[in-house]
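See structure below.
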Amino acid sequence: MTAPSSVGIFGGTFDPPHVGHVAAAERCRRALGLERVLLVVANDPWQKSVTRMPSPASDRLAMVEACVAGRAGLEACALEIERGGPSYTIDTVDELESRHGIVDPWVIVGADLAMTLDTWERADELRQRVRVAVMSRPGSPLHLPEGWRAVALESDELNVSSSGIRAALHEGRSVADEVPPEVMQHVVDRGLYA
């Protein structure tokens, strides 16, 4: 039996990434003793792309790279973009194991997503192959999903969301406290969310 890895998978649309994403990744890394947390940028976030078209994956990846630059143990990950098509966590788990030998990783989700895990692609298989860290989130009750190897972690309770940031930017309001300066520079340079 291969030993469990000390790698966390923190997947998302990251449209845009914000200080809450960074705080959650760092909190999980410390609390779980992880060597690395991979911020995996979804190519096609299948549960979201039916309601709105996300920004180009290349822009979202560049913003995540800017967000984690110089932060020990946090890495931007382009596996789902490179693979193309809809982004399924189980495919990422398969690829991390076959290409990098990473087994039994932690999957990091917010409390708002924890109860949807059973709807994820190949959920029964995913349940057997990962551990789940459920982060508290303002306005979402913190429940652990039944049948999953899961732990609850308190977040920094930053009340920030990508949708709120997009709305604020569209309306011309400042998001300086919610988005790292490097991400804001990319937003301005590329004319995103205007």
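No value in this document is a laboratory result; all are computed from the given coordinates. Since we're looking at a predicted model, the values are computed, not measured. Every residue, glycine among them, receives a Cβ derived from its backbone with ideal geometry; neighbour counts consider all protein chains shown.
With θ taken as phi - 60° and the coefficients 6.51, -1.76 and 1.60, list the Karplus ³J(HN,Hα) couplings across the range 108-121 in order, rounded to whole Hz; mark glycine and proline as x.
Result, rounded to whole Hz: 9, 9, x, 4, 5, 9, 4, 7, 9, 3, 5, 8, 6, 4.
Return the FRET efficiency for the residue pair Glu82, Glu154: r is the Cβ-Cβ distance, R0 is 41 Å, and the value is rounded to the nearest 0.05.
That gives a FRET efficiency of 0.75.
List the GluC sites (Glu not before Pro) within the range 13-69 that DSSP assigns to loop and that have no more than 15 neighbouring Cβ atoms inside 10 Å.
Loop-located and lightly packed - Glu35.
Which residues among the range 8-26 fall inside the zone where the amide N is under 11 Å from a point 7 Å beyond the Cα of Glu182, along Cα→Cβ?
Counting only backbone N, you get no residues.
May I ask you to evaluate 6.51 cos²θ - 1.76 cosθ + 1.60, the Karplus curve with θ = phi - 60°, for each residue of the range 16-31 and list the ³J(HN,Hα) values in order in whole Hz, giving x for glycine and proline?
Here the 3J(HN,Hα) series is x, x, 9, 4, x, 4, 5, 4, 5, 4, 5, 4, 5, 4, 5, 5 Hz.
Using amide H atoms built in the peptide plane, which far-off residues or other-chain residues are under 5 Å from Val37 H to H?
Under 5 Å from the amide H of Val37 lie the amide H atoms of Gly8, Leu74, Glu75, each far enough along the sequence or on another chain.
Using only DSSP helix segments of four residues or longer, with each worth -39500 (n - 2.57), what per-residue ellipticity at 222 nm results for the chain after dividing by its residue count and rounding to 500?
It lands at -10500 deg cm²/dmol.
Calculate the all-directions average of the projected area of the range 112-155's alpha-carbon convex hull, and give it in nm².
Mean orientational projected area (the range 112-155, Cα hull): 2.9 nm².
Hey, with R₀ at 22 Å, roughly what FRET efficiency would Glu75 and Ser98 work out to, going by the Cβ-Cβ distance, to 0.05?
0.75
So for the range 136-194, what percent of the C-alpha to C-alpha distances run longer than 16 Å?
Counting pairs separated by more than 16 Å, the tail of P(r) holds 55 percent.
Taking the Cα atoms of the range 64-133 alone, what are Rg (to one decimal) and Dmax (as a whole number) in Å?
Values for the range 64-133 (Cα only, Rg and Dmax): 13.0, 37 Å.
Out of the GluC sites (Glu not before Pro) in the range 116-194, which ones are loop residues according to DSSP with at most 15 other C-beta atoms within 10 Å? Walk me through the intermediate numbers first.
Details: sites: Glu121, Glu125, Glu146, Glu154, Glu157, Glu171, Glu178, Glu182; in loops: Glu121, Glu146, Glu154, Glu157, Glu171, Glu178.
Those that pass, being in a loop and sparsely packed, are Glu121, Glu146, Glu154, Glu157, Glu171.
Once the principal axes of the Cα atoms of the chain are found, what is the range along each, listed largest first in whole angstroms?
Principal extents (Cα only, largest first): 52, 34, 33 Å.
Points 7 angstrom from Cα along the Cβ direction at Leu142 and Ala31: gap in nanometres?
Result for the modelled spin labels: 0.6 nm.
Would you mind computing, in nm to one decimal, how far apart the modelled labels at Arg190 and Thr51 are, each placed 7 Å from Cα along Cα→Cβ?
Inter-label distance under the simple model: 2.2 nm.
Please list the non-local residues whose amide H lies under 5 Å from the amide H of Asp44, H modeled 1.01 Å from N, same-chain partners needing a gap of 5 or more.
Ser87
Once amide H atoms are placed 1.01 Å from N in the peptide plane, what residues at a sequence separation of 5 or more from Val132, or on another chain, have their amide H within under 5 Å of its amide H?
Hits under the 5 Å cutoff: Val107, Arg149, Ala150, Val151.
Rounded to whole Hz and in sequence order, give me ³J(HN,Hα) for the range 78-83 from the Karplus expression 6.51 cos²θ - 1.76 cosθ + 1.60, θ = phi - 60°, writing x for Gly and Pro.
Listing the rounded values in order: 9, 3, 6, 5, 4, 6 Hz.
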